[in-house]
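Structure, as C-alpha cells:
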Amino acid sequence: SSNADRPLKLIAIGPRASAAALVASALEPNAIGSVELVDSLASFRQIIERNLPVEAMPELFAFGLLEEFDVPRLVELSAPREVRFRASSETK
C-alpha cells in the first residue's frame with residue numbers, strides 16, 4: 001500500500017488551527033491517524049474568560065459551539081485516535 005492509503009498525523013499550531021484540526025479529526029476517522037495540537041485552547045470557554053473580541057477569533061464565535069462541541073468533546077469524538085496537546089516551548 002502507498003503512503004496515500006495511510007492515515008496522516010495532523011499537526012496544528014495555535015488555537016484557531018487547533019480547533020480546525022480537532023473538527024477535521026472528529027469528522028474524518030479514516031484519513032487522520034493522530035493529532036498534535038500546539039498552543040491549543042483547553043476549552044472554548046477561555047475565549048469568554050479572556051474577554052476576547054469577535055475579531056480576534058471569529059470562526060470560534062459560532063452559536064452553540066461551546067455548549068455542544070467544546071474542546072474535550074471534540075477530543076472524545078476523535079477517539080480512539082491520539083490527540084496530543086503541547087505548548088510551543090516544548091521540544092519535539
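The values are calculated or read from the model by the stated rules, or taken from the named source; none is laboratory data. Note that the structure is a prediction, hence the values are computed from the model and not measured. Methodologically, a virtual Cβ is constructed for each residue, glycine included, from the backbone with ideal geometry; neighbour enumeration extends over all protein chains shown. Ligands, DNA and RNA are stripped out before the accessible areas are found, and what is left, the full protein with its side chains, is counted by its heavy atoms. Shrake-Rupley method; radii C 1.70, N 1.55, O 1.52, S 1.80 Å.
Please state which of the following conditions N51 fails to meet, knowing it meets all the rest: (1) surrounded by fewer than 11 Cβ atoms within 10 Å (Cβ to Cβ); (2) among the polar types (S, T, N, Q); (3) in contact with a helix residue (DSSP H, G or I) (Cβ under 6 Å, 6 or more places away or on another chain).
(3)
Considering only residues that are open to solvent by 70 Å² or more (accessible area, probe 1.4 Å), free of Cβ contacts under 8 Å to residues at least 60 places away in the same chain, of a type in the set (A, V, I, L, M) and over 19 Å from F69 (Cα atoms), which ones fall in segment 1-40?
Passing the criteria: A4, L8, I11.
Would you be able to tell me the number of residues in segment 43-66 that are under 17 Å from the mean Cα position of the chain (by Cα) and not in a helix (DSSP H, G or I)?
Counting residues in segment 43-66 that are under 17 Å from the mean Cα position of the chain (by Cα) and not in a helix (DSSP H, G or I) gives 6.
Residues are listed down the side, and each one gets a yes or a no for (1) within 11 Å of the chain's Cα centre (by Cα); (2) within 15 Å of E76 (Cα to Cα); (3) of a type in the set (A, V, I, L, M); (4) assigned to a strand (DSSP E or B):
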{"position": "I11", "(1), (2), (3), (4)": "yes, no, yes, yes"}
{"position": "R16", "(1), (2), (3), (4)": "yes, no, no, no"}
{"position": "A19", "(1), (2), (3), (4)": "yes, yes, yes, no"}
{"position": "V23", "(1), (2), (3), (4)": "yes, yes, yes, no"}
{"position": "A26", "(1), (2), (3), (4)": "yes, yes, yes, no"}
{"position": "N30", "(1), (2), (3), (4)": "no, no, no, no"}
{"position": "G33", "(1), (2), (3), (4)": "no, yes, no, yes"}
{"position": "E36", "(1), (2), (3), (4)": "yes, yes, no, yes"}
{"position": "L41", "(1), (2), (3), (4)": "yes, no, yes, no"}
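When both residues are 6+ apart or on different chains and their Cβ atoms are under 6 Å apart, which pairs have a first residue that lies in segment 72-92 and is modelled with pLDDT of 95 or more, and a second that is surrounded by 10 or more Cβ atoms within 10 Å (Cβ to Cβ) and part of a loop (DSSP other than H, G, I, E, B)?
Once the first residue is modelled with pLDDT of 95 or more and sits in segment 72-92, its partners that are surrounded by 10 or more Cβ atoms within 10 Å (Cβ to Cβ) and part of a loop (DSSP other than H, G, I, E, B) give F85/S40.
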